[in-house]
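Engineer: Pasting in a structure now, in structure tokens, and then I'll have a few things to ask.
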Amino acid sequence: MLSGKSISIKNTTLLNSEIDVGIRQRAWVEVDLDAIAENIRQIKGLLSPQTKLMAVVKADAYGHGAVSVAKTVFQAGAEWLAVATLPEGIELREAGIKQPILLLGAIHTAEEVQAIAHWQLQPTLCTPQQALLFSETLNQLNQSLAVQIKIDTGMSRLGTPWQQGLEFFKLVQRLPNLELAGIYSHFATADSRDPTVMRQQHYRYENVINEIRDHWQSDADPQFPLLHIANSAATLADRNLHYDMVRIGLSVYGLYPATHLTSVVTLKPAMQIKARVTQVKTIEAGTGVSYGYQFIAKKQTKIAVIGIGYADGIPRNLSNKIKVLIRGQWVNQIGTITMDQIMLDVSEIPDLQVGEVVTLLGEDGEYSISADDWANTIGTISWEILCGFKHRLPRVNIMNK
């Protein structure tokens, strides 16, 4: 079977079927869709009935599988999706997703505008040049399109500078074929314990919105555009930032953007990484393991070779720094992580057999390993860990209902 495809399994005890042999032969990603649904419900519980939830499913839903996640979040109460690129949006439309999809990335060609119009995505406009391109192209198509504008309030990434927000709004409002559906911004430090920068960005956003309200032509369009600025961290940190909609990324997948926000709601990680033992052998004291001999056995050691490596998404600089789980017991990874394989010290696991399952991320017995554990070990963020698992690892969707 092709890697990169998702297989849904409703019975989590299914281990020996023909599907399982093909998909779980070497290594795989398990995605708990029930956990994703519950995470959405938990976050919805923080919101007022008038506030919508946009689930961010860019980067293949942070590695969890965009189509299956999209269907799951809508069933759980989400109203919108967000993606980063045009192909990501098209993939969802081709899968039959009909709900609103915001395209977060910038668009600069007429061909892309035509595709956006065809697939009925909502683009983000960041500059006057973009707005003019969209208006001119849509005029040629004799078609109108709902668009959103992004205000840069301090992220210094995409968006028109907040000082020019009103003028940008006026331009978009008067251009033909553009229907202004949303005005949004993005926080740079919402996950920080120090709210100073976040408050400054919020103040700037509020200023722009108030100026726009003063110039809003309600007789022409009585519906004021949707307002949204809160990412996962801001959503958890301050209800005053929810506005008409919140944009939830990391929290959809069960991880917290900061440790001081863990008490707000109960989230469950949805991703587990598993692989199989491919060989078991015993080496003598003084024997080196893997490239560069970064590990040399100090005594006779039983090792296991596992069929997963950095080409699958395990960062190489985790070498000799992590533990994994076998039969609910901790096991040290030893030697340099290679492209397709890692080695473990399994001296304390009796009668380990080829084909047994190793948990690299996730739960096994009373213990668990999270993306945060790996991220903290190598000084990165959990977002990067989740997005790093390549699509030669099949995605297996787990549903208990």
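The values are calculated or read from the model by the stated rules, or taken from the named source; none is laboratory data. Small disclaimer: the values here were computed from a predicted structure and weren't measured. Cβ: placed from backbone, ideal geometry, glycine included. Neighbour counts: every protein chain shown. SASA here: full protein model, heavy atoms, side chains in, ligands and nucleic acids out. Shrake-Rupley method; radii C 1.70, N 1.55, O 1.52, S 1.80 Å.
Engineer: So, with +1 on the Cβ of K and R and -1 on the Cβ of D and E, and no other charges, what is the size of the charge dipole of segment 347-401 about its Cα centre, to the nearest 20 debye? Spell out each step's value before the answer.
Structural biologist: Values: 4 positive and 9 negative charges, 107 e Å.
With only Lys, Arg, Asp and Glu charged at Cβ, the dipole is about 520 debye.
Engineer: Suppose accessible area is computed on protein heavy atoms with a 1.4 Å probe; arrange S192, S232 from highest to lowest.
Structural biologist: The ordering from most to least exposed comes out as S192, S232.
Engineer: Could you tell me what percent of the DSSP beta bridges with both partners in the chain are antiparallel, to the nearest 5?
Structural biologist: So the antiparallel bridges amount to about 50 percent of the total.
Engineer: Okay, moving on. Mind telling me which of L175, L103, L158 comes out most flexible in a GNM of the chain, alpha-carbon contacts under 10 Å?
Structural biologist: L175
Engineer: Something else now. Divide the volume of the convex hull of the Cα atoms of segment 249-369 by its number of residues and quote the answer in cubic angstrom per residue.
Structural biologist: 120 Å³
Engineer: Continuing with this model, one more query. Determine by what factor the alpha-carbon radius of gyration of segment 227-317 differs from 2.2 N^0.38 Å, reporting the quotient.
Structural biologist: That ratio works out to 1.79.
Engineer: Rolling a 1.4 Å sphere over the protein heavy atoms, what is the accessible area per residue of the chain, to the nearest Å²?
Structural biologist: On the way: 18160 Å² over 401 residues.
On a per-residue basis, 45 Å².
Engineer: Evaluate Rg over Rh across segment 32-250, taking Cα atoms for both radii and Kirkwood's formula for Rh. Don't skip to the answer; put the middle values down first.
Structural biologist: Working: Rg = 16.9 Å, Rh = 17.7 Å.
Using Cα coordinates only, the ratio equals 0.95.
Engineer: Let me ask something else. So how far, in whole Å, is the C-alpha centre of segment 175-197 from the one of segment 274-316?
Structural biologist: For segment 175-197 versus segment 274-316, the Cα centre distance is 47 Å.
Engineer: Another question, if that's okay. Return the long-range amide H neighbours of K52 (sequence gap of 5 or more, or a different chain), with a cut-off of under 5 Å between placed amide H atoms.
Structural biologist: Those qualifying (amide H under 5 Å, at least 5 residues apart or on another chain) are M245, V246.
Engineer: Something else: Taking the Cα atoms of the chain, report the difference between the largest and smallest coordinate on each principal axis, in whole Å and largest first.
Structural biologist: If we take the Cα atoms of the chain, the spans are 81, 45, 40 Å.
Engineer: When a/c reaches 1.5 or more, the comparison of a/b and b/c decides; with that in mind, is segment 285-341 rounded, prolate or oblate per its Cα gyration tensor?
Structural biologist: Verdict is oblate for segment 285-341.
Engineer: Probe 1.4 Å, all protein chains in place: accessible area of C387 in Å², nearest 10?
Structural biologist: For C387, solvent-accessible area is about 70 Å².
Engineer: Based on the mean of other beta carbon atoms within 10 Å per residue, what is the order of 144-153, 197-206, 76-85, most packed first?
Structural biologist: Working: 144-153: 22.5, 197-206: 18.3, 76-85: 20.2.
Taking the mean over residues of other Cβ atoms within 10 Å, the ranking is 144-153, 76-85, 197-206.
Engineer: With all protein chains present, calculate the accessible area of M399 using a 1.4 Å probe and round the result to the nearest 10 Å².
Structural biologist: 40 Å²
Engineer: Sticking with this structure for a sec: In the neighborhood of Q294, defined by Cβ-to-Cβ distances under 15 Å, what is the net charge if each Lys or Arg adds +1 and each Asp or Glu adds -1?
Structural biologist: Summing Lys and Arg as +1 and Asp and Glu as -1 gives +2.
Engineer: Grab the DSSP H runs of the chain that are 4 residues or longer, score each as -39,500 (n - 2.57), total them, divide by all residues and round the 222 nm result to the nearest 500 deg cm²/dmol.
Structural biologist: -8500 deg cm²/dmol
Engineer: In the chain, carbon and sulfur make up what percent of the accessible area (probe 1.4 Å)? Walk me through the numbers before you get to the answer.
Structural biologist: Details: 8790 of 18160 Å².
Carbon with sulfur: 48 percent of the solvent-accessible area.
Engineer: Okay, next question. Roughly how far apart, in whole Å, are the Cα centres of segment 349-364 and segment 105-172?
Structural biologist: So the two Cα centres are separated by 50 Å.
Engineer: Any idea what the relative contact order of segment 210-316 is, in percent, if you count C-alpha pairs under 8 Å spaced at least 6 apart? Show your work: numbers first, answer last.
Structural biologist: Details: 125 pairs, mean separation 17.0, N = 107.
Computed over segment 210-316, the figure is 16 percent.
Engineer: Between Q143 and E363, what is the label-to-label distance in nm when each label sits 7 Å out along the Cα-to-Cβ direction?
Structural biologist: About 4.6 nm separates the two model spin labels.
Engineer: Greater than 22 Å separation of Cα atoms is the criterion. Which listed pairs, K71/K150; K58/K268; K44/K71; K52/K390; K52/K170; K150/K268, meet it? Could the numbers behind the result be given before it?
Structural biologist: Numbers: K71/K150 27 Å; K58/K268 20 Å; K44/K71 16 Å; K52/K390 32 Å; K52/K170 26 Å; K150/K268 31 Å.
Cα-Cα > 22 Å for K71/K150; K52/K390; K52/K170; K150/K268; rest within.
Engineer: What does the charge count near G45 come to, summing +1 for each Lys or Arg and -1 for each Asp or Glu among other residues with Cβ under 13 Å from its Cβ?
Structural biologist: With Lys, Arg at +1 and Asp, Glu at -1, the neighbours total +2.
Engineer: Further, regarding this structure: With a cut-off of 19 Å, note down the residues of segment 325-342 whose backbone N falls inside the zone around a label point 7 Å from the Cα of E356 toward its beta carbon.
Structural biologist: From segment 325-342, the list is 325-335, 342.
Engineer: Which whole-Hz couplings ³J(HN,Hα) result when phi for each residue of segment 79-85 is put into the Karplus expression 6.51 cos²θ - 1.76 cosθ + 1.60, θ = phi - 60°, listed in order with x for Gly and Pro?
Structural biologist: So the Karplus estimates, Gly and Pro as x, are 10, 9, 10, 10, 10, 9, 10 Hz.
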